[in-house]
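Working notes, beginning with the structure itself.
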């Protein structure tokens, strides 16, 4: 009898479907990358989620974020994401945290989580999340910068210490090495960042994600487009699914 995962079952089998159904994934950052990670995981069969993001859907999100529509403008991203996922799979269990994750944040992670996705654009938060994941021995994948990029074919999956070109990855390598982190699976782009035409200073919030030629992080809003962060997000989702199934089988 056909169901919404019938086509997926042809690839990973009934056992694979059951494995995914019982796994819990925590996604930090429900933006251009994170919203597509969530979509990919939910449609693949993951049913348990923890979503963390402090932002509300804004007009500037419409160009790249899956949860952003004119109907969701002003709504907390985690709420919009939860509604969307429950529309896709009413059996899903979605725990949401409307907060900005930082070193001082309360502990959200625990042993019930099977995988962590870092789709945050703030370096301090990214480092903290990796440290907590490492301490709890929970697998984590981190997405590097997708802003100021135009070529989605330049994304690669590798270890953070094998990255190049990406300014965000450069900072992450330095910080993680200093903290004794020996490895981190990442998705990053080898495309050289494009210099934005205009800096939208009034839209800038929190910690910057863009850099100039001297690799010094600047306070400016990065340019973005629909087909770059989305591709990165789906690559991340694919890695999570493959890792979970591979771990269970072996």
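The values are calculated or read from the model by the stated rules, or taken from the named source; none is laboratory data. Just so it is clear, the model here is predicted, and its values are computed rather than measured. All Cβ positions, even for glycine, are placed from backbone atoms using ideal geometry, and neighbour counts span all protein chains on display.
Of the residues contained in region 24-34, none is found to be more than 19 Å from the chain's Cα centre (by Cα), surrounded by fewer than 20 Cβ atoms within 10 Å (Cβ to Cβ) and at pLDDT 95 or above. Residues that are at pLDDT below 90 and assigned to a loop (DSSP other than H, G, I, E, B) were ranked within region 211-231; the one that is surrounded by the fewest Cβ atoms within 10 Å (Cβ to Cβ) is 214.
Within region 56-63, can one find any residue that is at pLDDT 95 or above and touching a strand residue (DSSP E or B) at 6+ places or on another chain (Cβ under 9 Å)? Taking every residue of region 56-63 in turn, at least one turns out to be at pLDDT 95 or above and touching a strand residue (DSSP E or B) at 6+ places or on another chain (Cβ under 9 Å).
Specify which of the listed residues (112, 142) is surrounded by 15 or more Cβ atoms within 10 Å (Cβ to Cβ) and closer than 22 Å to residue 50 by Cβ. The match here is 142. For region 34-50, a residue qualifies if it is over 14 Å from residue 240 (Cα atoms) and either in contact with a helix residue (DSSP H, G or I) (Cβ under 8 Å, 6 or more places away or on another chain) or in a helix (DSSP H, G or I) (or both), and exactly one does: 35.
The residue of region 57-108 that is surrounded by the fewest Cβ atoms within 10 Å (Cβ to Cβ), among those that are under 22 Å from residue 21 (Cα atoms) and without any contact (Cβ under 8 Å) to a residue 12 or more places away in the chain, is 90. Total residues in region 135-189 satisfying the condition of being farther than 22 Å from residue 38 by Cα, in contact (Cβ under 8 Å) with a residue 40 or more places away in the chain and not in a loop (DSSP other than H, G, I, E, B): the figure is 7. Determine whether region 55-73 contains at least one residue that is more than 20 Å from the chain's Cα centre (by Cα) and under 22 Å from residue 238 (Cβ atoms). No, every residue in region 55-73 fails to be more than 20 Å from the chain's Cα centre (by Cα) and under 22 Å from residue 238 (Cβ atoms). Candidates in region 190-204 are the residues that are within 27 Å of residue 58 (Cα to Cα) and either touching a strand residue (DSSP E or B) at 6+ places or on another chain (Cβ under 8 Å) or in a strand (DSSP E or B) (or both); of these, the one that is modelled with the highest pLDDT is 193.
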